[in-house]
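FYI, it's all coordinate maths here, none of it is from the lab. As the structure is a prediction and not an experimental result, all values here were calculated from the model. Please note: Cβ atoms are built from the backbone with ideal geometry, for glycine as well, and neighbour counts cover all protein chains shown.
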Amino acid sequence: MGRKGLGKLSLFSIADIIEVRSAKGKKAHGLRMVVSDIRKAVSANKMSYDPVVLPPNEVNITRGTSIVLKNITRPKVFDSIPVLRTQLARRFSVIGKAFKFKVSVNGQEITVADREELTKAQFVWRIGDAQLALPAGCDIKENRHLAPPQGVGCVPVRGWIATSNYPKDLSTSAGNLNGIVVMARGRLIQENILDKMNMGQIYTKYLTGQIEADVLDGTEDKDIATSDRQRLQEDDPRYVALLSTLRTILSKIESEWSDLRKKHEVQKVKEEIPAVAEWLEGLGDGFRKSAEKVVAQISALHVERPEDRKTLLRHGILAFERMKLTGSIDDFVQGLSNVDQLLKLLADRDSLESSMYRDIIKSRLETIRSFSGLVDENKMEKVLQKYLFNHLWLLDPMWDRATDSERMEQTLKREFKEFASNLSDRESKGRLDIRYKTNAGAHIIVELKKVRRRMTLPELQEQGGKYRSALLKCLGKMGMPNPDIQIVFVLGRPVREAEDPAFGEEKVRQALALYGARIVYYEQMIDGANKAYSEYLEHSKQMDKLDAILEQIK
């Protein structure tokens, strides 16, 4: 096989007895070489050693050549027969029904299935005219074909390259499969050329394969193999051309692998965890592609328990949402090329949640500053009203999810004059100084007064009583007895009674509480919101580990 074959001396390194039988046409011959006899000949200073000629009755072969090793001197070779079979199978590409070359261990023939690589494959690329015999038990999702590069600087090759589901799948009892072996004339000539290519991309951790390049062992050229016949001389131009050829092939595989992996992994996750599918569907087209890449990468990580993968996915979604807020999606997805840093990023869920909330807080502080400016400049009443109703959390941080109920609001304005006094129907629908909202079971009525308008307690009591009575009737018709009703009057100046020493702010508060109403002053609202969010932002800085980690993922 090839220029130099296997060599008899290599056989003596593992066995004491070697029997060779060969037949062609009607002639058959056989010989036996015994290590102890060779040593006796050496001790006797004989110049040659003559093997024992086997008698015709022991030459039980009619065609081809048979080599039998007996009295194995390395007992560990047989510690695991399956491992031995796998290791032998990986050293020959001509094993299988399509060839006439056979290797047996203890009388049992080695087959393609003993190689194991393809049983670990998720995707396979056939190179050139290579025929791919898939052993039983393969679960290959994609079987593709690639034409090898041709022309100057290329070496003609064929074979196959596969990627596994997880890098850990390639670690077996018979050795690590993460590599690409090079064959020439049916047998191994380079143990693993992937190590020599200095490729750091993450997909290389999933690679296994076998490339055949017979041109490397042609008799017309200088011998390219090292003396042990296991490696190629790296300064040979053919070796350099082989590396260039494989880099071109692998670059094509990398681009396809990313898309294939995303397609299959994302589909698998969507089927297994519908909540992830719902999240992906809720994203815009621009974000969805990046999010699918995140899901695919996390799904492909090897974990011991299914719950661990769900945990990683939850953390990954939290991280992705934070990156949306900061405009750093591309940086985050780029960081997925480094699995160790990805795991480091996703390890601390509390940090992720705190970091997301801090981004929201920063945005709200900007809103508070803008709203403060509107009050200072005594902006038009309608602008001020609209701004507050769109940011109702300014009144109470717990109302950050308060929602509109336009239908209910219009019902109140249409059926209860308390919500539209002295206004036409058209004017009532356009009124902006009062709004109805709901939040966590609470029914909220907010009325804004002009910043400079001075109100009296009786005026607020009368309005609060009417609002409460009207809303109770409306909610009662809808089957909501004893609802939680909160009425907020937003004022720019204190009511007259609050400044009266004989009455005071506390009595005003108590009087309004009877109607479920209270007063919030513009300046008080701004100061309170600013203080609440600023304190949270200040005290939460020490909890933020995320930014430091992200700095390393670039």
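Taking amide H positions as placed 1.01 Å from N in the peptide plane, with prolines and chain starts having none, which residues 5 or more places from ARG187, or on another chain, fall under 5 Å of its amide H?
Counting only residues 5 or more places away or on other chains, the set is SER93.
Can you put PHE123, PHE12 in order of Cβ neighbours within 10 angstrom, beginning with the fewest?
On the way: PHE123 21, PHE12 17.
Lowest count first: PHE12, PHE123.
For ASP169, ASP114, ASP139, which order do you get if you count the other beta carbons within 10 Å of each Cβ and list the fewest first?
Numbers: ASP169 18, ASP114 21, ASP139 9.
So the residues, fewest neighbours to most, are ASP139, ASP169, ASP114.
Given R₀ = 56 Å, what would the calculated FRET efficiency be for ASN71 paired with ARG369, taking r from the Cβ atoms and rounding to 0.05? Kindly include the intermediate steps, with their values, before the conclusion.
Details: r = 89 Å, r/R0 = 1.60.
After rounding, the FRET efficiency stands at 0.05.
Can you sort LYS449, LYS222, LYS205 by how many other beta carbons sit within 10 Å, fewest first? Each step should come with its number before you reach the end.
Values: LYS449 19, LYS222 8, LYS205 15.
Ascending number of Cβ neighbours within 10 Å: LYS222, LYS205, LYS449.
Can you give me the long-range amide H partners of VAL155? Hydrogens built in the peptide plane at 1.01 Å from N, cutoff under 5 Å, separation of 5 or more residues or another chain.
THR245
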